[in-house]
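Report on the structure given below.
The values are calculated or read from the model by the stated rules, or taken from the named source; none is laboratory data. These figures come from a predicted structure and were not determined experimentally. Cβ placement follows ideal geometry from the backbone for every residue including glycine, while neighbour counts extend to all protein chains displayed. Ligands, DNA and RNA are excluded from the accessible area calculation, which covers all protein heavy atoms including side chains. Shrake-Rupley method; radii C 1.70, N 1.55, O 1.52, S 1.80 Å.
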Amino acid sequence: MVFAPNPSPPAFAATEPRVKKKIRAVQYGVGPIGASILRLMREKQAIEIVGAIDTDPAKAGRDLGEVAGAGDAPWGVQVSADAEKVLGESADVVIHSTSSDLRDVAEQLLRCLAAESCVVSTCEELAYPFRKYPELAAKLDAEAKAWGVALVGTGVNPGFVMDKLVLTLAAVSQRVERARAIRIVDASQRRLPLQKKVGAGMSIAEFREKVAAGVIKHYGLPESVAMVADGLGLHVEEITETIEPVVAQERVKTEFLEVEPGQAAGVLQIARGLAGGQEKIYMELQMYVGAKESSDTIELAGQPHIRLVIPGGTHGDIATAAVVVNCIPAILDAPAGLRTSRDLPMCFFPPTAKP
């Protein structure tokens with residue numbers, strides 16, 4: 001059978017991607033991740049960056065493009081330490097990248113909501129805060145609804161690889177009994193703050209002390225377990241988490257630091273979701289300098305059994321900026337309130353999308 005070309009394709013087939021209006025964006029926090037997000041937003045024709053907030057004296061008052069390390073700097077937008085002034089710019093969305101601990105950033109988020117701006121935050125504990133911080137989650141939800149805006153915590157992990165992607169794969173399942181995700185990340189290819197956060201270069205004793213103090217950990221693993229549990233209806237009653245050092249077997253040198261044999265190279269972090277004493281969800285994160293085979297693996301036991309492997313894994317810094325920026329149209333269209341990546345129809349935001 002031969003199909004002749006359609007001389008008049010439907011109008012929707014030729015329509016360029018569009019957004020409702022020119023999106024006015026503010027960046028809150030211009031660290032390594034905030035800078036990466038800024039450079040990506042700069043590529044989007046539909047986004048106008050109208051301001052940036054950072055209290056670091058080395059950044060405040062400088063041109064934002066220069067602080068972000070952009071090749072096309074200067075941008076003509078200054079970084080400011082005055083959050084109230086910048087939030088008064090009537091931004092449609094604030095991209096928030098300051099801290100992993102929800103308690104530390106709650107007031108910042110509330111200030112953004114009161115400015116009647118939607119918020120996309122990289123705060124890992126905001127990704128699914130309903131179990132750990134139910135009262136704070138309820139407050140953020142109520143405030144967002146009161147101001148008629150939406151907020152979400154997202155990124156690559158939590159926000160995509162070990163939760164959103166798991167739930168997306170489950171769309172082809174008739175039944176899911178257990179879920180398993182293993183993420184192996186070579187931290188030597190990542191930014192210095194992350195290498196420090198996983199304890200690279202510490203003695204094992206110091207590593208354990210920092211874990212006990214809550215300093216060494218990857219935030220967000222229990223949040224991913226909770227999101228997957230609720231999304232799959234696995235009725236998880238208890239979430240456990242363990243953190244152990246990955247001990248370096250050989251000397252490893254990164255751009256920023258050196259790790260000797262016997263020192264901590266990073267973390268082996270495992271979170272489990274239990275129901276009736278049985279393991280329903282298993283999530284393992286190996287994040288250390290010198291990892292030989294980075295990968296992301298997801299398995300769903302049920303009908304059918306599904307196994308997905310991403311060789312090389314998903315580059316955390318690149319993907320975090322991508323997920324955050326690609327999420328902007330979705331959060332602007334979302335109902336007011338606290339949302340999660342589980343709720344949002346996340347997809348690619350083309351650079352050529354026009355208002």
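Being among the acidic types (Asp, Glu), closer than 20 Å to residue 123 by Cα, out of contact with any strand residue (DSSP E or B) (no Cβ under 6 Å at 6 or more places or on another chain) and in a loop (DSSP other than H, G, I, E, B) is the requirement here; does residue 56 meet it? Against the criterion (among the acidic types (Asp, Glu), closer than 20 Å to residue 123 by Cα, out of contact with any strand residue (DSSP E or B) (no Cβ under 6 Å at 6 or more places or on another chain) and in a loop (DSSP other than H, G, I, E, B)), residue 56 qualifies. If you go through region 79-113 and keep only what is in a loop (DSSP other than H, G, I, E, B) and of a type in the set (Val, Ile, Thr), you end up with just 98.
Here the condition is being farther than 24 Å from residue 195 by Cα and either in a strand (DSSP E or B) or charged (D, E, K, R) (or both); of 299, 250, 255, 241, it holds for 299 alone. For region 87-96, the count of residues that are more than 25 Å from the chain's Cα centre (by Cα) and more than 21 Å from residue 123 (Cβ to Cβ) is at least one. Residue check: is residue 330 more than 20 Å from the chain's Cα centre (by Cα) and either within 17 Å of residue 161 (Cβ to Cβ) or open to solvent by less than 30 Å² (accessible area, probe 1.4 Å) (or both)? Taking the combined requirement at face value, the residue does not satisfy it. The set of residues from region 281-296 being in a strand (DSSP E or B), in contact with a helix residue (DSSP H, G or I) (Cβ under 7 Å, 6 or more places away or on another chain) and over 18 Å from residue 210 (Cβ atoms) comprises 281, 283.
The residues in region 60-105 that are touching a strand residue (DSSP E or B) at 6+ places or on another chain (Cβ under 6 Å), in contact (Cβ under 8 Å) with a residue 60 or more places away in the chain and surrounded by fewer than 21 Cβ atoms within 10 Å (Cβ to Cβ) can be counted, and the count is 1.
Got a sec? Which of 290, 302, 266 is touching a residue at least 40 places away in the same chain (Cβ under 8 Å), over 20 Å from residue 227 (Cα atoms) and open to solvent by 10 Å² or more (accessible area, probe 1.4 Å)? Result: 290 is the single residue among 290, 302, 266 that is touching a residue at least 40 places away in the same chain (Cβ under 8 Å), over 20 Å from residue 227 (Cα atoms) and open to solvent by 10 Å² or more (accessible area, probe 1.4 Å).
What about residue 271, is it out of contact with any Lys or Arg (no Cβ under 8 Å at 6 or more places or on another chain) and either in a loop (DSSP other than H, G, I, E, B) or of a type in the set (Ser, Thr, Tyr) (or both)? Here the answer is no, as residue 271 does not meet what is asked.
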